[in-house]
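Below is one structure, written out as structure tokens; comments come after it.
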Amino acid sequence: MTSERTLSSAPGRRSGVAVWKQIADTLSTEIRDRAFTDTGRLPSENELATRFGVNRHTLRQAVAALQSDGLVRIEPGRGMFIQHELLDYVLSRRTRFSENLLRQGLLPSKLLLTAREMPAPERAMHELKLAKGAKVLMVEMLDEANGQPIGLATAYYPALRFAGLLDMLNTGMRTTEILRHFGVQDYVRAESRITTQMPSEETARLLKQPVTRPLLCVECLDADMEGSPIKYGETVFCGDRVQLVVNSAADETAGAE
């Protein structure tokens, strides 16, 4: 850590606010800004005491406050681990990305990474009930909450039914709006399968997490109101940022994708 960072981080002892409280506030802001995402933990007590120019007793007061606020957990002999507040991602018959986030006061956004037509992979061909050799529209998006990545979604749509979908996505139209253009006024989640997996280096980079941290994986199939499959996909979520909530209610109000 540079001396510039150490000096700029030193608390002001004449500010009227206890030094330990200033340290706790600084670390709290950095935790919420995901400054420690690469390691998932705070630096050691010695490193933090040196950074802030305080003794270990003062530093421990600050860490105790973070622990009380649920921002860190202390594992003796191992270190101080970041404990981010988990986002509840509801899986139900009407799973909608934007609705899931908005109801928790979070701003949803999606970054389009890939959009192309391709021969249907075997799994997508089976789930979408396509003939051998049929093509699909593959769309890969980075899902974000308040500007922070929470998941990487890959979706496959039948190319014949949704010709033009890729062009509409490139104009910024939302998925729900595009589907309505093609006559799909509403759709439901026909099936969700939940597993775990380890990220590739590229996935870890996109999600801004260590390659050693497991992901939650949701394999899904959406169908129109007549029961015809319209989308097969897989979303991998950051396991330390998202918890999956299975809701069996059938009449949940539909929201925007």
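The values are calculated or read from the model by the stated rules, or taken from the named source; none is laboratory data. In this text, all values refer to a predicted model and were calculated from it rather than measured experimentally. Here Cβ is always computed from backbone atoms with ideal geometry, including for glycine, and neighbour counts include all displayed protein chains.
Can you find even one residue in segment 147-163 that is out of contact with any helix residue (DSSP H, G or I) (no Cβ under 9 Å at 6 or more places or on another chain), of a type in the set (A, V, I, L, M), surrounded by fewer than 21 Cβ atoms within 10 Å (Cβ to Cβ) and at pLDDT 95 or above?
Scanning segment 147-163 turns up at least one residue that is out of contact with any helix residue (DSSP H, G or I) (no Cβ under 9 Å at 6 or more places or on another chain), of a type in the set (A, V, I, L, M), surrounded by fewer than 21 Cβ atoms within 10 Å (Cβ to Cβ) and at pLDDT 95 or above.
Applying the selection to segment 36-69, what residues are in contact (Cβ under 8 Å) with a residue 40 or more places away in the chain, assigned to a helix (DSSP H, G or I) and more than 11 Å from M80 (Cα to Cα)?
E47, T50, R51, F52, Q61, A62, A65
Quick check on segment 217-234. Is at least one of its residues in contact (Cβ under 8 Å) with a residue 40 or more places away in the chain, assigned by TED's automatic domain parsing to the domain that holds E140 and touching a His at 6+ places or on another chain (Cβ under 9 Å)?
Yes, segment 217-234 contains a residue that is in contact (Cβ under 8 Å) with a residue 40 or more places away in the chain, assigned by TED's automatic domain parsing to the domain that holds E140 and touching a His at 6+ places or on another chain (Cβ under 9 Å).
Table: residues versus (1) surrounded by 18 or more Cβ atoms within 10 Å (Cβ to Cβ); (2) not in a strand (DSSP E or B).
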{"position": "G172", "(1), (2)": "no, yes"}
{"position": "R180", "(1), (2)": "no, yes"}
{"position": "E191", "(1), (2)": "no, no"}
{"position": "E202", "(1), (2)": "no, yes"}
{"position": "Q209", "(1), (2)": "yes, yes"}
{"position": "L216", "(1), (2)": "yes, no"}
{"position": "I230", "(1), (2)": "yes, no"}
{"position": "F237", "(1), (2)": "yes, no"}
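Return the pairs, sorted by first residue and then second, in which the second residue is outside any loop (DSSP other than H, G, I, E, B) and small (G, A, S), the first residue lies in segment 117-134 and is in contact (Cβ under 8 Å) with a residue 40 or more places away in the chain and within 12 Å of L160 (Cα to Cα), the beta carbons are less than 6 Å apart, and the residues are 6+ apart or on different chains.
none
Being of a type outside the set (V, I, T), at pLDDT 95 or above and either on the phi < 0 side of the Ramachandran plot or touching an Asp or Glu at 6+ places or on another chain (Cβ under 6 Å) (or both) narrows it down to one of L215, L207, L244, so name that one.
L215
Can you tell me which residues in segment 50-86 are in contact with an Asp or Glu (Cβ under 8 Å, 6 or more places away or on another chain) and on the phi > 0 side of the Ramachandran plot?
Correct list: G70 only.
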